[in-house]
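Engineer: What follows is a structure written as structure tokens; I'll ask about it next.
The values are calculated or read from the model by the stated rules, or taken from the named source; none is laboratory data. These numbers come from a predicted model, not from an experiment. Note that each Cβ is placed from the backbone with ideal geometry, even for glycine, and that neighbours are counted across all protein chains shown. Side chains are part of the model used for accessible areas, which takes the heavy atoms of the whole protein and leaves out ligands, DNA and RNA. Shrake-Rupley method; radii C 1.70, N 1.55, O 1.52, S 1.80 Å.
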Amino acid sequence: MNLALAMPPVRFSVADELARELLGRISRIVLVTLGLILVVAGILIAPLPGPLGVPVTVVGLMLVLRNSFKARKQFVRFQHAHPKLLFPLRRLLRREPEVMPVAWQQVLRMERLVLPRSWRRAKRWRLSVKRQSLKRQALKRGS
């Protein structure tokens, strides 16, 4: 048995439409302002020990880019001009961000930029951990 309930059409007056548009604009302005404050706070926090500056900056950028057409347009232009610089940030701005791979990629980049080749340990450490986990998986399958 199929039962369909029809609702009467809702009619909005001109005043309702104006109020909705005004509230939308005000909320976008508030969200863009909050995003800009978070970006500035993230930049100020970044030099402190710990990785707190990056997440705060990314959340601020998310707010700004989702609520400002002009900012999104400038971001796309900058992205086309400098794709390697913004690729990690773009990965963090996705719906389901890949936080750990981006963090690992940045660790490897910083290690390559800062340390001489003989001091670099992160890549070798990752490979040894990967080998150990593969051995464990092989042992579990064999038993």
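Engineer: Scan 85, 48 and give me the residue that is in contact with a Phe, Trp or Tyr (Cβ under 9 Å, 6 or more places away or on another chain), open to solvent by 70 Å² or more (accessible area, probe 1.4 Å), at negative phi and without any contact (Cβ under 8 Å) to a residue 40 or more places away in the chain.
Structural biologist: 85
Engineer: Looking only at region 108-133, which residues are open to solvent by 70 Å² or more (accessible area, probe 1.4 Å) and of a type in the set (Val, Ile, Thr)?
Structural biologist: 114
Engineer: I've got another one for you. State the number of residues belonging to region 88-105 that are open to solvent by 60 Å² or more (accessible area, probe 1.4 Å) and part of a helix (DSSP H, G or I).
Structural biologist: Going through region 88-105 one residue at a time, the tally reaches 5.
Engineer: The conditions are (1) at pLDDT 80 or above; (2) open to solvent by less than 40 Å² (accessible area, probe 1.4 Å); (3) of a type outside the set (Ser, Thr, Tyr), and residue 80 fails exactly one of them. Which is it?
Structural biologist: (2)
Engineer: Sticking with this one: Restricting attention to region 59-76, report how many residues are of a type in the set (S, T, N, Q) and surrounded by fewer than 18 Cβ atoms within 10 Å (Cβ to Cβ).
Structural biologist: The number of residues fulfilling the criteria is 1.
Engineer: State whether the residues of region 65-80 include one that is part of a helix (DSSP H, G or I) and more than 26 Å from residue 30 (Cα to Cα).
Structural biologist: yes
Engineer: Oh, and also: List every residue pair whose Cβ atoms lie under 7 Å apart, where the two residues are 6 or more positions apart in sequence or sit on different chains, the first residue falls within region 107-132 and is in contact (Cβ under 8 Å) with a residue 12 or more places away in the chain, and the second residue, located anywhere, is open to solvent by less than 100 Å² (accessible area, probe 1.4 Å) and of a type in the set (Val, Ile, Thr).
Structural biologist: Matching pairs, first to second residue: 122/107.
Engineer: So which residues in region 16-42 are touching a residue at least 24 places away in the same chain (Cβ under 8 Å) and of a type outside the set (Gly, Ala, Ser)?
Structural biologist: Listed by number, the residues that qualify are 28, 31, 32, 34, 36, 38, 39.
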